[in-house]
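The structure appears below as structure tokens.
The values are calculated or read from the model by the stated rules, or taken from the named source; none is laboratory data. All values reported here derive from a predicted model rather than from experimental measurement. So basically every Cβ, Gly included, is an ideal-geometry build from the backbone, and we count neighbours across all protein chains shown.
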């Protein structure tokens, strides 16, 4: 019988004005905004639990009483970092993958917290970025995609493209240098398109727009995993992806604190998923090639082979088993 995993995830929600006011603020937020929609890091925890359910692996969630009584058991702290830093842990810890963006935030992590056995990050280029600091303790682990929810539809395709806009930085500049030139090229080829903007849509809106679109143009500076584009691939919708490469662009780090390259906007990818372009110069040529090969792409096959809830939960279990063996 498999021993239950001990999973932990909490959003930071400190008191602001007086003791325990976080509970009052939480209640007011719910009344004003309604039920909170899970963010990207919370979805790591949710989808890992869904995957464990599918492969019939038991787990406890945020059971601090149990883990305190059993210091020999592994604590799987998915996120956020305060879950580790604000408590005293005597257990071996698997930390991630929803923690912080770069080891300079905690360069002495393994010295200060020797019970941390692995630091998980969402993808390979981020693993390579962290490796000089954390060595072989940093592991790339992607969370799974819910392929029961994200699945192909047989609706009539009234748009050639859905433009998925996840441009996060220098927006006015990128509108002029990237988005407007691309749409002019699409107009010249009489291709119909619609937009969706990261951070301002629901899953229902995305699925509805995907049902009406033959393909997606994905615009993002870079992704550590890229769950949204992988959800799109799971619907068997091919992607023409802007993959600029170059340096990690996060202005909280670049260029003064961290200069790391190369990065990618599609870290999980093969030729079945679609095609890439690097800038407006090569976009038109890639667009024409993409259009000519559109029916040949099979992006859902890639997701089913690599990124289902079950497969990613099994990969997590492999990491867990490695830590268990080290403890013997």
Exercise. What is the one condition in (1) within 22 Å of residue 101 (Cα to Cα); (2) without any contact (Cβ under 8 Å) to a residue 40 or more places away in the chain; (3) touching a strand residue (DSSP E or B) at 6+ places or on another chain (Cβ under 8 Å) that residue 228 does not satisfy?
Worked result: (2)
Problem set entry | Close pairs (7 angstrom Cβ cut-off, 6 or more residues apart or separate chains): within 13 Å of residue 189 (Cα to Cα) in region 285-304, part of a helix (DSSP H, G or I) anywhere | 287/185
Problem set entry | Residue count, region 272-290 (criterion: under 28 Å from the mean Cα position of the chain (by Cα) and not in a strand (DSSP E or B)) | 10
Problem set entry | Residues located in region 250-283, provided they are within 21 Å of residue 176 (Cβ to Cβ), crowded, with 16+ Cβ neighbours inside 10 Å and touching a residue at least 60 places away in the same chain (Cβ under 8 Å) | 280, 283
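Scan the helices (runs of 4 or more DSSP H) fully inside region 38-140 and keep the ones with 3 or more residues being modelled with pLDDT under 95 and surrounded by fewer than 20 Cβ atoms within 10 Å (Cβ to Cβ).
Qualifying helices (runs of 4 or more DSSP H): 40-54.
Out of 145, 94, 104, 78, I need the residue that is in contact (Cβ under 8 Å) with a residue 60 or more places away in the chain, closer than 22 Å to residue 305 by Cβ and within 22 Å of the chain's Cα centre (by Cα). Which one?
Of the residues listed, the single one that is in contact (Cβ under 8 Å) with a residue 60 or more places away in the chain, closer than 22 Å to residue 305 by Cβ and within 22 Å of the chain's Cα centre (by Cα) is 145.
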